[in-house]
Amino acid sequence: MPIVLQSGRMQWVEAFKLSCVALVMCLACPASSMDVIVPQQINALNGTKINIPCSFTSCYKLDPSKFAMNWTYQETSNSTEEMFMTYKNKITPLKSSRFGDRVTFTGNLEKNDLSIAILDVQLADEGIYNCYVRNPPDRIPGHGTIRLFVLTELPPPRDSTIAVAIGASVGGILALLILSMVVVKCIRRHKNQELISDEQKMEEEGKVDGEGGTEEATKQP
């Protein structure tokens, strides 16, 4: 998946994608159809607020008495997971020396949205975030993994000049190729027409010669 950009447009795209996936899943509705949808990677600017999205699809309606969710953090893939938020009948942020009170739940359970937000992102927040979901009667729990990178400054804007130049060059080359093909086709057609005209002329001359020879033969005694 591509790098996630935190914007309203991204959230709309994610919601639309989730709706499409949910529709397909529910049409099939196998015995175990839970699927967790998360971005693979997110970039956050140090000191800002970052939203970490997590959604799931299921053919079964969420039952608050059976539903379960856990959010955990790892520094690396080999590190021990630290749980900082859970759901068992209600959303419960857990005490964490790393995050303190900076993590909030921003999702909507009625829409299968389990997203969270981290306030005042720190360099120490960089790492792996796991979103675990259980929604009986789905037998197999869902799991999504997001890699968060914390940047100290925004990356420079991409210069589109090169892309435009390349596009213009490719367009020019294609135009020349098309023009060349048209010219070659016209030349071939013109030559074919000349050959046809020459053949027709030769046939007509042959007919004239044949008719003249026949008349001379009839005049002889």
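The values are calculated or read from the model by the stated rules, or taken from the named source; none is laboratory data. For clarity, every value in this text was computed on a predicted model and none was experimentally measured. Calculation scope for accessible area: heavy atoms of the full protein, side chains included, ligands and nucleic acids excluded. Shrake-Rupley method; radii C 1.70, N 1.55, O 1.52, S 1.80 Å.
Restricting attention to the stretch 28-44, which residues are under 27 Å from the mean Cα position of the chain (by Cα) and either open to solvent by 50 Å² or more (accessible area, probe 1.4 Å) or at pLDDT below 90 (or both)?
Scanning the stretch 28-44 gives Ala28, Cys29, Pro30, Ser32, Ser33, Met34, Asp35, Gln40, Gln41, Asn43.
Can you pull out every residue in the stretch 74-131 that is within 31 Å of the chain's Cα centre (by Cα), part of a strand (DSSP E or B) and charged (D, E, K, R)? Answer for the stretch 74-131, where residues must be within 31 Å of the chain's Cα centre (by Cα), part of a strand (DSSP E or B) and charged (D, E, K, R): just Asp113.
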